[in-house]
1. Go over the candidates Ala307, Ala292 one by one and state the one that is touching a residue at least 24 places away in the same chain (Cβ under 8 Å), buried (at least 24 other Cβ atoms within 10 Å of the Cβ) and in contact with a Gly (Cβ under 8 Å, 6 or more places away or on another chain).
2. Take the stretch 159-192 and flag every residue that is in contact (Cβ under 8 Å) with a residue 40 or more places away in the chain, in a helix (DSSP H, G or I) and open to solvent by less than 40 Å² (accessible area, probe 1.4 Å).
3. Just to verify a result, which residue in the stretch 338-349, among those that are farther than 13 Å from Val382 by Cα and buried (at least 21 other Cβ atoms within 10 Å of the Cβ), is modelled with the lowest pLDDT?
4. Can you tell me which residue within the stretch 193-246, out of those that are polar (S, T, N, Q) and either part of a strand (DSSP E or B) or within 17 Å of Cys163 (Cα to Cα) (or both), is most open to solvent (accessible area, probe 1.4 Å)?
5. Among (1) within 14 Å of His67 (Cα to Cα); (2) outside any helix (DSSP H, G or I); (3) modelled with pLDDT under 95, which single condition is Lys132 missing?
6. Would you check if there is a residue in the stretch 250-258 being free of Cβ contacts under 8 Å to residues at least 60 places away in the same chain, open to solvent by 10 Å² or more (accessible area, probe 1.4 Å) and farther than 18 Å from Phe46 by Cβ?
7. Quick one: is Arg152 open to solvent by 20 Å² or more (accessible area, probe 1.4 Å), assigned to a helix (DSSP H, G or I) and in contact with a strand residue (DSSP E or B) (Cβ under 8 Å, 6 or more places away or on another chain)?
8. Checking Ala405 against (1) part of a loop (DSSP other than H, G, I, E, B); (2) open to solvent by less than 70 Å² (accessible area, probe 1.4 Å); (3) not basic (Lys, Arg), which test does it fail?
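The values are calculated or read from the model by the stated rules, or taken from the named source; none is laboratory data. Please read these numbers as outputs of a predicted model, since none were measured by experiment. For neighbour counting, all protein chains shown are included, and Cβ atoms are generated from backbone atoms with ideal geometry for every residue, glycine included. Remember, those area values only see protein heavy atoms, side chains included, never the ligands or the DNA or RNA. Shrake-Rupley method; radii C 1.70, N 1.55, O 1.52, S 1.80 Å.
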Amino acid sequence: MIARLSDAMLHSLPASVAQPAYDRRQVRAGVVHLGLGAFHRAHQAFVFDRVLGAGHLDWGVIGVGIHSGAARDALALQDGLYSVLEREGEAQSSRVCGAITKALVAAETPDRVAATIADPAVRLVTLTLTEKGYEPGGPVWPILAAALAWRRAAGAPLTIASCDNLTNNGSRTLAAVLAAADPALADWIQVACAFPSSMIDRITPATTEADLAEIEAGLGVHDAAGVVTEPFWQWVIEDRFVATRPPLEAAGVQVVDDVAPFERAKLRLLNAAHSLLAYAGLVAGCTYVHEAIAQLAPIVERLWDEAAETLRPTPGLDIAAYRAQLLRRFQNPSLAHRLDQIAQDGSRKLPQRILAPLAERTRQGRASPTMMFALAAWLKCVGRDDVAGRPIRLVDPGLETLRTALRQGAGGFDAMIEADMIDDPSWIDPAARQLLADTLDKGLGR
């Protein structure tokens, strides 16, 4: 039986595999991350591995799964180690990351997670919860409120940074925490704690059994927590911290005064294009992003033309270069990024990616046919279990409400808006609403 990846097995790895360039025994945890999925391991934990490699050993990460214990169990058997396999075309490289010092599960031991966050040695909490995680009643907010109550008594403020694809994700995080806190605690949180917004980017498909087999063949040991991703990564975060700020620049993170222009560009260019490719690609019979972009690149370029007119010039943000880079990333066939993975939770994702820029353009009197095409493709997928005989299985918390609205025709869209299925207030614009209603009738073939 093949051995597992562990501290004891690092010496046996091929020389081509990068390893932690620091003594893991000296690492102290300074970060708690909520959302211990593949993206976190490919991004934030990867970044903090680089921070540790630069000699800053008090920024290890305690990872917390929200519901599932699968990642915790895999990491526990591997001393917190896992590998990141980067693929681009025929080229690939592998790196073992050692930043995760411990893993917990919020659903199993919420009090322990709260106590861990309350430890004054922890100076930063980061989050990857997906869009659904910020809805009222989410499981992490009472845990954070309990931890902050203890930190208030100890005089230990905290920085909490969302790394999710949300507009103003710092403000959204603050609002969710305040909703779970009593009035006195809420007052302290607003004065003492910091909630910087951030923008994160790294295409990370769900890891498959085939991926794990390839990782094992490359390492010579079994790695149940390995992830596959692209070489590119980006993290832009506002310089708004309390207490000590981690030396993120040492790892290549951009620390800026205002993250909003970067956040908006990513949502309206990368994420919007991903959504268009997902829904239109599924309708066209594609399975992966690289297949969809081969057919739909001209439509994506037109989407970007429309979106670019809603973005303001920003130092350090070259829109033309970013678009060209995105096109190359989408064309990478070695990632096997599934469209049905991207298509999940469209009712929560599209307000920021498509509806907000569409509403802006509509109020300015601009036509937006490609944004309308993207929405019609989404609703075509929502309204059916198959297209051209191919099954389409969407995962969306509002799927049945959406389908009910669609059965009622374009008029049913008003009910969907009033039911907060699309929760961006800027979208409730009569001209934009009528434009979508007309497009739905055309796009769905009514």
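1. Selected residue: Ala292, the only one of Ala307, Ala292 that is touching a residue at least 24 places away in the same chain (Cβ under 8 Å), buried (at least 24 other Cβ atoms within 10 Å of the Cβ) and in contact with a Gly (Cβ under 8 Å, 6 or more places away or on another chain).
2. Passing the criteria: Asn169, Gly170, Thr173, Ala176, Leu185, Ile189, Ala192.
3. The selected residue is Arg348.
4. Gln234
5. (2)
6. The answer is yes; a qualifying residue exists.
7. In short, no.
8. (1)
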